[in-house]
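K.L.:
Shown below is the structure under consideration.
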Amino acid sequence: MSEEQLERAADVLARARRVVALSGAGVSRESGVPTFREAGDGLWENYPIEEVATPEALHGNPRRVWEFYEMRRANMASVEPNPGHYALAAMEPLYEEFTIATQNIDGLHQKAGSTDVIEVHGSLWRARCLSGCGREIYPFPYPAPAVPPPCECGGILRPAVVLFGESLPHEEFRSATIAATRADVALSLGTSSAVWPAAGIPLITQEAGGFLIEINPEPTDLTPRFDVSLRGPTGEILPDLLERVKRRRAESAGRDGE
Ligand code: BV8
Ligand code: ZN
């Protein structure tokens, strides 16, 4: 990853007023959370999507689906945000708008102090009634009282996560789209850009004339669409970018102050 690329990204970020960031499993990797597609210990390697993350699976075998999500929730008990999460939280006050649209359901952005977070794929810490009484529980702490957990209406609850084949929550997706349209810069952080429509959020900023920055140790399906693609872990690159942006802002404030 070239110094020149880092400098270019820092320049653009220092001049920006509004930023949108799409985050994926890679941002939580350095916190010890496995990603989905990673060879060997990727989640989907051991749990076939169609058995644990589709509406058919949920209606066919809610116990199996809950076992999968209770396992993910159990894993989160000892997980803390990493320097990548904290750098994003520290960037928020530097901008008029700094919106994180996350595909992650782990809640680590909020735990690190980010306040403008849109969970486009739901949350591990939210449950809602599967039987239609409309009840929603947040926070829904681990462990669940039973697997599957009962709802007061006599039905059962489901994890409030977006399963494959289910549409994204309307309000969240609309807010993410608006933030992307208004942003000067879109960041794509630790995502393979393989799951739609979330993968398309940074492209909305591009269509609106904005600048695109990707951070990922590996190239992705959308790398050719990005203005700058920084090869490395978000836990290292985001704190670095934060320092460079703050330095530039201080220098320009100094110059303006003269
Ligand atoms: C929908 C919640 C309407 C549950 C999730 C268009 C084209 C093709 C297919 C479709 C399409 N439109 C719709 C589809 C179908 C489908 C889809 O996209 N399928 C894919 C597999 C092709 N989309 C849907 O079903 C969506 N709904 O479209 O509804 C509709 C319905 C039917 C038909 C048409 C339209 C709903 C999708 C949401 C599903 N729920 N999560 C749960 O978490 O269990 S998706 C889940 O997987 C995550 O939320 C995330 O979105 C995705 C995983 O992607 P990443 O987060 O990017 O993780 P991944 O492991 O892939 O990559 C990690 C990256 O990190 C890697 O690149 C790696 O290099 C990098 N990395 C590693 N270490 C680091 C790092 N980066 C930085 N630092 C590091 N240290
Ligand atoms: Zn109910």
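K.L.:
Where the second residue is acidic (Asp, Glu) and open to solvent by 10 Å² or more (accessible area, probe 1.4 Å) and the first is within 11 Å of ligand 1 (Cβ to nearest atom) and lies in the stretch 227-240, which pairs have Cβ atoms under 8 Å and are six or more apart or on separate chains?
P.N.:
Listed by first residue and then by second, the contacts come to Arg231/Glu218; Pro233/Glu30; Thr234/Glu30; Gly235/Glu30.
K.L.:
Just one of Arg174, Arg158, Arg225 is open to solvent by 10 Å² or more (accessible area, probe 1.4 Å), in contact with a helix residue (DSSP H, G or I) (Cβ under 7 Å, 6 or more places away or on another chain) and farther than 28 Å from Glu7 by Cα; which is it?
P.N.:
Within the list Arg174, Arg158, Arg225, the selection yields Arg158.
K.L.:
Another one. Considering the stretch 166-211 alone, what residues qualify as being in a loop (DSSP other than H, G, I, E, B) and of a type in the set (Phe, Trp, Tyr)?
P.N.:
Across the stretch 166-211, the qualifying residue is only Trp196.
K.L.:
What residue, of Leu163, Leu130, Leu168, Leu187, is within 8 Å of ligand 1 (Cβ to nearest atom) and touching a residue at least 60 places away in the same chain (Cβ under 8 Å)?
P.N.:
The match here is Leu163.
K.L.:
Kindly indicate the residue of the stretch 190-215 that is under 18 Å from the mean Cα position of the chain (by Cα) and under 19 Å from Glu7 (Cβ atoms) and also surrounded by the most Cβ atoms within 10 Å (Cβ to Cβ) among those meeting that condition.
P.N.:
Once the filter is applied, the top-ranked residue is Ile215.
K.L.:
Which number in (1) surrounded by fewer than 20 Cβ atoms within 10 Å (Cβ to Cβ); (2) under 19 Å from the mean Cα position of the chain (by Cα); (3) aromatic (Phe, Trp, Tyr) marks the one condition that Tyr47 misses?
P.N.:
(2)
K.L.:
Scan the stretch 180-189 for residues that are more than 14 Å from Ala14 (Cα to Cα) and open to solvent by 10 Å² or more (accessible area, probe 1.4 Å) and report the count.
P.N.:
The qualifying residues number 2.
K.L.:
Given the criterion under 19 Å from Thr54 (Cα atoms) and either open to solvent by less than 20 Å² (accessible area, probe 1.4 Å) or of a type outside the set (Asp, Glu) (or both), identify the matching residue among His121, His109.
P.N.:
His121
K.L.:
Could you list all residues from the stretch 76-106 that are open to solvent by 20 Å² or more (accessible area, probe 1.4 Å), among the polar types (S, T, N, Q) and under 30 Å from Pro202 (Cα atoms)?
P.N.:
Gln103
K.L.:
Look at the stretch 17-53 and say how many of its residues are farther than 19 Å from Val117 by Cα and either at pLDDT 95 or above or not in a loop (DSSP other than H, G, I, E, B) (or both).
P.N.:
9
K.L.:
Filter the stretch 131-164 for residues that are under 25 Å from the mean Cα position of the chain (by Cα) and within 14 Å of ligand 2 (Cβ to nearest atom); which is farthest from Thr99 (Cα to Cα)?
P.N.:
Leu157
The values are calculated or read from the model by the stated rules, or taken from the named source; none is laboratory data. Quick caveat: nothing in here was measured; it's all calculated off a predicted structure. In this analysis, Cβ positions are derived from the backbone assuming ideal geometry, glycine residues included, and neighbour counts consider all displayed protein chains. Just so you know, the surface numbers come from the protein's heavy atoms only, side chains and all, with ligands and any DNA or RNA stripped out. Shrake-Rupley method; radii C 1.70, N 1.55, O 1.52, S 1.80 Å.
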